[in-house]
1. What value, in deg cm²/dmol to 500, does the helix sum -39500 (n - 2.57) over DSSP H runs of n ≥ 4 give at 222 nm once divided by the residues of chain A?
2. Under a plain spin-label model, where a point goes 7 Å from the Cα along Cα-to-Cβ, how far apart in nm are residue B:122 and residue B:304?
3. If you build a Gaussian network model of chain B, linking Cα atoms that sit under 10 Å apart, which residue out of B:66, B:263, B:113 swings the most?
4. Kindly state, to the nearest 0.05, the FRET efficiency for residue B:297 paired with residue B:84, given R0 = 35 Å and r defined as their beta-carbon distance.
5. Give a quick list of trypsin sites (Lys or Arg not before Pro) in the stretch B:274-315 that DSSP marks as loop, anything other than H, G, I, E or B, with at most 15 other Cβ atoms within 10 Å.
6. Straight distance only, please: which lysines reach the Cα of residue A:157 with their own Cα at less than 26 Å, same-chain residues fewer than 8 apart left out?
7. Pairs of Cα atoms under 8 Å, at least six residues apart: use those to get the relative contact order of the stretch B:151-224, whole percent.
8. When the dipole is taken about the Cα centre of the stretch B:126-247, and only Lys, Arg (+1) and Asp, Glu (-1) are charged at their Cβ, what size is it in debye, to the nearest 20?
Amino acid sequence: MSPLLSIERLSVAIGGVTLLDDISLSLDRGQILGLVGESGSGKSLTALTVTGLLPLIGGRIASGRILFDGTDLASLGPAGLRKLRGGRIGFVMQNPMTALDPVQRIGEQIDVVSRLHLGLSGEAARARTLDLMGQLRIPEAAAVAEAYPHQLSGGMKQRIVIAMALAGEPDLIVADEPTTALDVTVQAQIIQILTGLVRERGLALLLITHDMGVVAQACDRVAVLYAGRVAEERAVDPLFERPAHPYAAALIGCIPREGMAEGSLKGIAGSVPPATQFPPGCRFHPRCPHAVDICRTERPLLRETPDGGLVACHLAERIAG
Amino acid sequence: MSEPLLVVKGLTKRFMTGGGWFARPRSMTAVRSVNLTVGRGEVVGVVGESGCGKSTLARLILRLIEPTEGDITLGGTRLSGIGQAELRRERRRMAMVFQDPYSSLDPRYTIAETLAEPFRVHGLPVTQQAISGMLEAVSLPASAALRYPHQMSGGQRQRIGIARALALRPEFVVLDEPTASLDVSIQAQIIELLAALREGFGLTYLFISHDLGLVRYFCDRIVVMYLGAVVEVLPDARAVPRHPYTRALMDSSFAPDPKARREIAPLSGEIPSPFNLPPGCAFAGRCSRAVEACRSASPPLTEEGGHAVACFNPL
């Protein structure tokens with residue numbers, strides 16, 4: 001069976017600048033794919049592309065396809081995308097404080113999704129809203145539905161945004177840093193809700209995060225992006241055990257672990273260059289401790305790893321050892 | 001612990017809000033009777049979630065805001081109660097690095113002007129060399145002096161924030177979430193820089209953070225706050241938490257290791273409103289170990305071998 005979401009050799013440009021360069025990813029039902037990388041790596045742009053929001057920021061698909069359940073999203077017009085987005089593709093944004101309309105009651109904001117996408121009557125939509133809120137363990141759902149966003153805490157607002165994403169009966173949820181603005185105890189609640197949805201309902205989840213801890217806890221597979229390209233794409237266990245790309249290894253090494261000796265936390269020198277200044281060859285080479293001559297001139301192509309992953313590094317075998 | 005540099009006793013801050021024609025003003029206690037000692041050369045972490053009072057505590061200690069009650073002593077000099085002129089002199093001994101390097105630098109100042117400002121404020125001479133030296137200390141090229149903040153990355157800006165804090169060679173520096181708005185790769189760089197500067201300048205840090213993993217990596221002792229009060233003081237980074245809240249914080253932070261993956265048993269509920277605190281232990285409503293006593297009386301902070309915990313039914 002073909003995967004639910006299959007991004008094939010996708011390139012995205014804004015103006016004359018190519019921001020996503022030849023990206024391929026796939027995601028099955030019941031699976032969580034993590035998308036990680038520093039700011040400027042192209043994670044959020046991928047989310048906007050999959051949800052058909054690219055025109056909002058003046059971007060366009062330069063080449064490649066995004067197959068969602070067999071349909072190429074790049075071939076759909078605005079009306080077709082609008083039908084999918086909020087319907088079969090749910091979107092959970094990073095900041096729940098700005099994702100909700102401040103002057104509309106919570107319940108109405110969720111109702112409208114199932115009225116639009118499932119064609120439910122007002123009454124049926126409200127019943128569905130309350131049911132969803134209950135599933136997300138929102139206490140006193142009926143009262144919360146009458147509240148305005150400013151009356152709720154950040155964690156509660158993020159649950160409302162998730163309820164909105166679920167209201168259109170999605171097959172795929174794209175969550176862009178869904179817990180970054182939240183406290184850790186609330187983050188744990190939200191991650192538990194999202195992983196529960198995938199396991200119980202067979203949803204597919206594209207989880208964008210910069211937090212390797214969240215990736216290790218929640219994801220099945222991980223794609224590490226750097227400067228608009230896929231550096232490594234693998235199942236979560238081998239990635240953490242034996243990262244093949246120096247960038248993936250460096251990202252993992254940035255997080256303090258239990259019992260880590262002082263001075264062993266390693267940052268990554270420098271920062272992601274702006275898209276107009278991507279270097280030739282491997283884009284990571286100016287920051288890479290292993291870089292040799294070939295890295296500076298030749299672009300490393302994605303190659304298969306023995307465990308069925310992909311890595312784009314000339315020296316991958318040597319590094320994974 | 002080495003000789004104490006900072007001693008805080010019974011520090012309390014109440015904010016009054018509201019109060020109009022028809023509304024009665026309400027008071028909320030942001031920081032409640034906090035006692036804290038930081039030894040010279042020590043790094044003490046203060047950890048807790050939003051609204052726990054950790055940033056208010058930092059601002060109180062530097063007297064950026066005035067405490068309602070309590071005493072603050074820095075290196076033998078009492079900071080609470082002294083007048084503005086005297087406070088200004090004492091200010092040279094302490095500094096703060098702010099969370100957001102985007103809003104804590106003046107966009108219309110060059111980096112050189114930003115770094116010269118502490119000297120100007122204290123009427124001290126400043127030379128080109130001093131500026132270059134400060135930039136070098138935070139591993140930035142001397143050419144950065146002529147740039148403006150918008151020409152720099154977040155990590156570089158935070159280095160400037162650190163250089164400015166160290167300009168007058170303070171003894172004591174409060175780091176208020178200095179890496180919270182940075183990428184993890186940059187966070188690690190900044191933490192290593194702070195460790196090196198501590199060594200090089202003999203600094204004492206109070207490190208405020210919501211990230212228990214980071215605090216356990218970087219700090220000698222850890223103070224855990226919940227709703228304005230200290231609930232636990234861990235004597236070292238490896239100490240096993242005894243307060244259920246500290247345990248929950250630890251369980252909520254995910255290790256970057258899929259083998260450490262676990263069933264999440266998240267805390268139920270959310271932090272209660274500080275305007276309307278329940279009687280007894282503020283954490284009781286979310287605590288799985290709460291007993292009868294927790295709902296009626298506040299557990300006192302009791303110490304044993306440097307490990308202090310405020311709980312009637314500790315782990």
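All of the numbers you see were taken from the coordinates with simple rules; none came from a lab. Values in this document were obtained by computation on a predicted structure and should not be read as measured data. Cβ: placed from backbone, ideal geometry, glycine included. Neighbour counts: every protein chain shown.
1. Value at 222 nm, helices only, nearest 500: -10000 deg cm²/dmol.
2. 4.5
3. B:263
4. Working from the Cβ atoms, E equals 0.30.
5. Here the trypsin sites (Lys or Arg not before Pro) that fit, given the DSSP loop and packing criteria, are B:289.
6. Partners within reach: A:43, A:83, B:54.
7. Across the stretch B:151-224, relative contact order equals 34 percent.
8. Once rounded to the nearest 20, the dipole reads 60 debye.
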